[in-house]
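Heads up: the structure comes next, in structure tokens.
The values are calculated or read from the model by the stated rules, or taken from the named source; none is laboratory data. These figures come from a predicted structure and were not determined experimentally. Quick reminder, even Gly has a Cβ in these numbers, built from the backbone with ideal geometry, and neighbours come from all protein chains shown.
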Amino acid sequence: MKRLKSVLLIAIVILCSGFAAAQGYLSTINGTVADKSGAVIPNAKVTVTNIAKGLSHTYTTSQTGTYTAPSLEPGDYTVTAEAQGFGTLSKESLHLEVAHDLRIDFQLLPGVAKETVAVEEVAPLINTSNAVLESTFTNEQINQLPLQGRDFQNLVVLNPGVQRRPGGGFLSISSNGNRVEDNNFIVDGIDDNDAYYGTTVINAEGVEGTPATHLPIDAIQEFNVQSSPEAEYGWKPGAIVNIGIKSGTNALHGTAYYFHRNSALDARNYFNPGDQPVSALRLHQFGGSIGGPIKKDKLFFFANYEGVRDVVGNPLELNTPVTVPYGDPSISIPDAVAACTADGSCNDLSSSLLKYFPTNPGTANPADPTLQTFDFNNTNREDNGIVKVDYQINEHNNASFRYFIGDSLQVEEAHNVLQPQWLDQAQTRAQVIGASYNWMPKNNVVTQWRFGFNRFSQQIFTVDHTVNPTEYGINSGVTDPLDFGFPEIAISGFNRLGGSSNWPLFTTPNLTYQITENTTWSHGNHSFKFGGEFRTGSTDNLRDLDGKGYVAFRGLERFTTGDYRYGYIKAGDTHRVVSQKSFGFYVQDDWRIKPRFTVTGGLRYDVSLPITEQNDLLANFDPAVGIQQVGKQIDKPYNTDWNNFAPRIGFAWDLFGTGKTVLRAGSGIIYEIPHISLFVSQNSASALGLANIPSGANGISVPGGNITTADLKVSDLNWSSAGPIFGDIPSTKLTCDSDTPCSILGVDKNIKTPYSLSWNLNLEQQLTRNMALQVAYVGNHGVKLYSIRNINQNQWYYDWVANGMGDPYEDTDGYSGRPFANPTLCGTHCFPYLAEVEMLQNKDSSIYHSLQVTLRQHSYKGIDFVAGYTWAHAIDQYGSNRSYDWEDPNNGLLERGDASSDIRNRFTLAFTYQTPKLPRYDKAFGGWTFNTILNFEGGRPIDLYDGDSAFSGAYTGNDRWSIYGDPSNLKWGFNGLPFIPVGTPQWAKTCGPYAPGLLPGIDPGTDYPTTSDYAGGCYAENGTVLVPAQWGQFGNMHRNMFRGPGYSDVDMSLAKTFKLTERFSLQVRGEFFNILNHPNFAGLGANLETGAVGIPAYTPDVAESNPVVGSGGSRHIQVGAKIVF
């Protein structure tokens, strides 16, 4: 209670002083006015004028000669200083970047105020005001650079410490060792973060890869990325991505453009060989913008439309059975059918489904006859628009409004499929609305109110979602039309039959409302900022995981005989409306202690309240009590963490007072406010979350419990043409008991808010008038990060004993050794109706160290460039909030290893050269612009796992083997890691010394007396050996011990501008992505169960379901034309 009172007191104090949050794109100009001797001039008048809009604001210097002009839009400015007894000095053409502090100092000479000296001034290259690490790209740079897919997210890779997975795709950006959900997207000061997914709303992916909407590049005024931010930024500890939208000006201006790609201009994808038809590519991207005055100097507008129409192929290799006799029934359909026909064991349903495997003569890949080339098409219809209106009411008041909408219908190969009707389909509409009002009651006080609203509505199906499974000859028992389509049938060693069982997924819609107010008060050498923010997010959500049904088989032979392993089927209604409220406050002071030394200190406080559901259809699991439902046994699913105080401190020291050598350092804590899907939609776990804990199921004694939704694991299927496969699927009342246990995902009732402690020390030196070098050490420590641990994971020994101590694999059931089911383990505190009990907790952590170097040049003889180099080492247990179970729930150290984003060496370059004007030859040689982006990086870690996970008995799909030798000896390649079959002389020599032996009590005459017998062999290369662990144990391998291929990409564009009339010009351009056609690879086989490990299956763009418009594909050429007026 005392803690709550303290929090309320803090809230009241800050509310009384201004309910504010500065997270925005606005910028500040500040500085000092002095005379020639350096003595400060108080009460001098400083006028700041936005050149394009003709808007001016006047400020008065303090007694220490300082002034601050806050809350300015990015753009070009003139700053004028005047004082009694001194001449007037005007500095013109100063470019103010988005979300940036610009320091402009004046030295006035004695004279008459009417005598004005105007000088063209270049904005200082070096930030002397704070310790924030940042970089900015202007609209001109953004439009000139060859930007893959015209997607602003690809600009983040040009910042040291910030990276994007090659290919792009869903949750692909990470920053300084933080998790992929931790980036904060802000558009014109308005929140652009989806409350459910935790990622950007604008340019969010349709299914998993290609963006469903696009913010037009022509609409972006500037793009800024920050790390190690000040206290005004909260919610997320990753990169702060600030996007400023263009405004109208006093001059009417606009563009009309068209960009085109087709396969005739491109190189073949590496996995689209010459004997195959060329992969499809027809891409049209078109639009136009216009902006200008509605009323000169008062009211301005800007609007931009952009459309996309494309058909893009997905060339890749998938494993599918050979369809001709091959002498091996484990990989050949005719051979497997012949074998089951001989003994009369062929299953009628399996036999009828064999026709859905495509023709495979077994000749596509000599190393693996099951590999076959596929190339289904993605299609996209997309329309986007943005409107912005600015109103300058008077010198002290102005307002702004903006609205973005994007709408698309996409078909995408987000999951590998064997037939085109099993592709994924997404219908998406994204909207972002923002309004702001600025009030300057005094020339040293500015208050800004903002209202933000974003809406993301999406439906994801498989393409065949309208097809009743009976039309495929499958009586699954599914009767709900939402869950129609071919069920997912997984056969070990091959790609699935059917589409993804993850769908349907409806977020219709996700909503976020945001109210903020920000106050800046300049007083003497201090610039105070204080405020807070309130936001509420919600999702109207339906996710029928395994709604179509899922059935698993171990190998082709067992499929033909109908010998299934298990199945999954969704039961009940998954529709939920879930909400979450959050608020935050901060106070900050930029204190210029000396003209050369500024200290920034701040304190932020962020809180997120527990999620709620409109009908209280949420429950949780307490190991001491069992299942409890909100509104019945508990009033909230988990407790609020009130202890989220986040201090920030930093300094900037102009070492010699010249503004050319600056030492900066900063440190701070940033809390990660959770997104809703964290609690209700865990993709990689066995259960989705709190909305699917079946408190109302038969067999579960929860008084008043009425949640009857679960993903049921079914071990007794009716796998026959007659069916129904899953029996009588319960629609309103299901049963969870020892025969049909239900899996759940609970949340630690005292779960904490994760946070990151970051620090940096950097030195920046101006080398020339236009060039600067920055060298920085950046570190980050993630604390109390979200983790998932299965506290009811099956234990092999108890399972084996309970089932008679027969065959170590065949005579276990994956259930009898569970801690809440086995009486030896649970005693009188048992929950036999539960299968997996996965708990969301705070047991993960991370650490990151890096050297980051940036060399940049602004506009020298037509050359601009930004070069960045990063050496880094990132270690964690997992890189996302949507994590897998720990392999061993009692040993998190096995999960601790190189982060999936751990790239040791990375170099980027963005370069632009514009030819000078040549009076006699300007038409031919003038107006040319050459631009390039280079990205070179080392290989990323890959986690080698056993998808069967039978050795430990856990059956979680992520067991690891044991390794003996140096992991770096294992190399990826098209032949994969060498697999040595058990029983061969080479196995006895190479693997035998390390392979687990026969456990006491196991009959050597069983099918699988040792784990090597079950695995069929081992892997060995360059003296390093991988062998399966002993029955009931986990291997000694840590996560991410294998390294994949590096990444190299050179993109280039060449543009020529023709002057058509005084006001109109035409630009024609050619863009060349991966101009060197360097092959990049991804999708390496990592499942040790398959025997094909380390073999790449795709290029990165295809791997991320983002072919061609994502990075990493073959050479692609885009041509375009733009009219500018």
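Pairs linking a residue in the stretch 270-287 that is under 9 Å from F259 (Cβ atoms) to a residue that is hydroxyl-bearing (S, T, Y), with Cβ atoms under 8 Å and 6 or more positions apart or on different chains, are H284/Y258; Q285/Y258; F286/Y257; F286/Y258. Can you tell me which residues in the stretch 219-252 are outside any loop (DSSP other than H, G, I, E, B) and either modelled with pLDDT of 95 or more or of a type in the set (A, V, I, L, M, F, W, C) (or both)? Answer for the stretch 219-252, where residues must be outside any loop (DSSP other than H, G, I, E, B) and either modelled with pLDDT of 95 or more or of a type in the set (A, V, I, L, M, F, W, C) (or both): A219, I220, F223, V225, I240, V241, I243, I245.
Selection of the stretch 623-661 for residues being aliphatic (A, V, I, L, M), under 34 Å from the mean Cα position of the chain (by Cα) and under 30 Å from Q766 (Cβ atoms) yields I649, A652. Beta carbons closer than 7 Å, at least 6 apart along the sequence or on distinct chains, pair a first residue in the stretch 464-479 that is surrounded by fewer than 16 Cβ atoms within 10 Å (Cβ to Cβ) with a second that is among the small types (G, A, S) and at pLDDT 95 or above for V467/G485; G473/S352; G473/S721.
Considering only residues in the stretch 541-595 that are crowded, with 23+ Cβ neighbours inside 10 Å and among the β-branched types (V, I, T), the one that is farthest from L482 (Cα to Cα) turns out to be T560.
Name every residue in the stretch 936-966 that is in contact with a Lys or Arg (Cβ under 8 Å, 6 or more places away or on another chain) and at pLDDT 90 or above, in order of residue number.
Within the stretch 936-966, F936, E937, G938, G939, R940, P941, I942, D943, L944, Y945, D946, R960 qualify.
One residue stands out in the stretch 946-976 among those that are closer than 19 Å to Y994 by Cβ and under 28 Å from the mean Cα position of the chain (by Cα): the one that is surrounded by the fewest Cβ atoms within 10 Å (Cβ to Cβ), namely D946. Got at least one residue in the stretch 1065-1075 being modelled with pLDDT of 95 or more, surrounded by fewer than 17 Cβ atoms within 10 Å (Cβ to Cβ) and β-branched (V, I, T)? Scanning the stretch 1065-1075, I find at least one residue that is modelled with pLDDT of 95 or more, surrounded by fewer than 17 Cβ atoms within 10 Å (Cβ to Cβ) and β-branched (V, I, T), so the answer is yes.
If only one of F286, F300 is of a type outside the set (S, T, N, Q), buried (at least 18 other Cβ atoms within 10 Å of the Cβ) and touching a Gly at 6+ places or on another chain (Cβ under 7 Å), which one is it?
F300
Within the stretch 469-487, the set of residues being over 30 Å from the mean Cα position of the chain (by Cα) and of a type in the set (A, V, I, L, M) comprises I474, V478.
Conditions (1) small (G, A, S); (2) without any contact (Cβ under 8 Å) to a residue 12 or more places away in the chain; (3) assigned to a strand (DSSP E or B); (4) at negative phi, marked per residue:
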| position | (1), (2), (3), (4) |
| --- | --- |
| Y67 | no, no, yes, yes |
| Y77 | no, no, yes, yes |
| Q84 | no, no, no, yes |
| L89 | no, no, yes, yes |
| A99 | yes, no, no, no |
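Contact map, the stretch 419-442: residues that are at pLDDT 95 or above paired with residues that are in a loop (DSSP other than H, G, I, E, B) and basic (K, R), Cβ distance under 8 Å, separation 6+ or inter-chain. No pairs are found.
On the stretch given as the stretch 1031-1075, residues that are under 28 Å from the mean Cα position of the chain (by Cα) and either over 30 Å from H253 (Cβ atoms) or in a loop (DSSP other than H, G, I, E, B) (or both) total 16. Just one of the listed residues (Q793, Q857) is outside any strand (DSSP E or B), over 30 Å from N644 (Cβ atoms) and within 38 Å of the chain's Cα centre (by Cα), and it is Q793. With the condition kept exactly as written, say whether any residue in the stretch 61-80 is under 22 Å from G291 (Cβ atoms) and among the aliphatic types (A, V, I, L, M). Within the stretch 61-80, one or more residues are under 22 Å from G291 (Cβ atoms) and among the aliphatic types (A, V, I, L, M).
Residues considered: K861, K843. Of these, the only one that is on the phi > 0 side of the Ramachandran plot, in contact (Cβ under 8 Å) with a residue 24 or more places away in the chain and among the basic types (K, R) is K861. Set side by side, the residues N380, N398, N360, N384 differ, and just one is of a type outside the set (A, V, I, L, M, F, W, C), outside any loop (DSSP other than H, G, I, E, B), buried (at least 18 other Cβ atoms within 10 Å of the Cβ) and more than 28 Å from the chain's Cα centre (by Cα), which is N398.
Taking the conditions (1) modelled with pLDDT under 95; (2) buried (at least 16 other Cβ atoms within 10 Å of the Cβ); (3) of a type in the set (A, V, I, L, M) in turn, L1026 satisfies each one other than (1).
Before we move on, is R604 among the charged types (D, E, K, R), modelled with pLDDT of 95 or more, surrounded by 16 or more Cβ atoms within 10 Å (Cβ to Cβ) and at negative phi? So R604 passes the test. Restricting Q372, Q392 to those that are free of Cβ contacts under 8 Å to residues at least 60 places away in the same chain and part of a strand (DSSP E or B) reduces the list to Q372. Considered as a group, the residues in the stretch 796-842 that are in a loop (DSSP other than H, G, I, E, B) and among the small types (G, A, S) include one that is nearest to L998 (Cα to Cα), and that residue is G806. Among the residues of the stretch 700-747, the ones that are without any contact (Cβ under 8 Å) to a residue 24 or more places away in the chain and surrounded by 23 or more Cβ atoms within 10 Å (Cβ to Cβ) come to 0 in all. Taken over the stretch 221-255, the criterion of being surrounded by fewer than 24 Cβ atoms within 10 Å (Cβ to Cβ), among the β-branched types (V, I, T) and within 21 Å of L55 (Cβ to Cβ) is satisfied by T249 alone.
Taking (1) modelled with pLDDT under 95; (2) in contact with a Gly (Cβ under 8 Å, 6 or more places away or on another chain); (3) within 30 Å of G1110 (Cα to Cα) in turn, P1045 satisfies each apart from (1). In the stretch 115-193, counting only strands (runs of 3 or more DSSP E) that sit wholly within it, the ones holding 1 or more residues that are surrounded by 24 or more Cβ atoms within 10 Å (Cβ to Cβ) span 133-138, 162-164, 173-175, 184-187.
Checked against (1) under 32 Å from the mean Cα position of the chain (by Cα); (2) within 30 Å of A954 (Cβ to Cβ), L761 passes all but condition (2). The set of residues from the stretch 565-584 being at pLDDT below 95 and aromatic (F, W, Y) comprises Y566, Y568.
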